[in-house]
Amino acid sequence: MTTHAPLDYALAFGFAAFALALLMNLVRLLKGPTSMDRVLAADTMVINVIALIVLLGIHQATKAHFEAALLFAMFGFVATVAFCRFMLRGRLID
Amino acid sequence: MNLYAEIAVALLIVVGASFGLVGSWGLLRLPHLMARLHAPTKATTLGVGSVLLASMVYFLATGEGFSVHEVLIVLFLFLTAPVSASFIARGYLRAHVDPAELPGAGEQGWASFVPRAGDGGDQAEASSSWDVRKD
């Protein structure tokens, strides 16, 4: 990576902020209190992990991580919808 | 990569990280789920959008050309965030809220409490025993 001062500071702040956000989501995931809170926390964790992956891509100056980010986005959405459908209907597949 | 592009990328990253932090802080701090739902679905989605915009500007400035991956991810996230939020709100309504306590919604009633073909049974059965299915 080419070293430039403003981008390095911004990347450090970004990594720290999203790591802290993940920790806060983890606290909410453990505290609950309802199961929908845990589903919401897991959904938010997926979104924060996507941001971390993209920041890693900028840090390493590579485009190799975008497929991973896209997969995270798709599977995160499918997982959230499956969880909610299970809560609503009591079953996933009719 | 010139200085202006670098400052733009840094600014977008800082803005996005701040929004993500605020969203997760709201998820931790707000009192109940219906309030908590607002923070991650709006602030965090906007933060990720800003970070992806920063990535787009970065790869444009380093001369690797315009990349469509970020556009795909942003479109997908912005389309799915309201859908999953609506699903979570409906699940919470069905499980933890008494329909009698809700404000009136006209003749149609609340869509989350209208019995459907897939639910099985009448509304009382659908809203009370959904967590212990008989089939």
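Just so you know, all these numbers are worked out from the coordinates, no wet-lab data involved. Small disclaimer: the values here were computed from a predicted structure and weren't measured. As a convention, Cβ positions derive from the backbone with ideal geometry for all residues, glycine included, and neighbour counts pool all protein chains shown.
Observations, loosely collected:
- Degrees between helix A:5-31 axis and first principal axis of chain A (Cα, 0 to 90, nearest 10): 20
- Shielding by partners, peptide B:61-72 (average Cβ within 10 angstrom, other chains): 2
- Peptide A:8-21 - average C-beta neighbours from other chains (10 Å radius): 6
- Crossing angle, helix A:66-89 versus chain A [Cα axis fit, 0-90 degrees, rounded to tens]: 20
- Sorted by Cβ neighbour density within 10 Å, fewest at the top, the residues A:D8, A:D37, A:D43: A:D8, A:D37, A:D43
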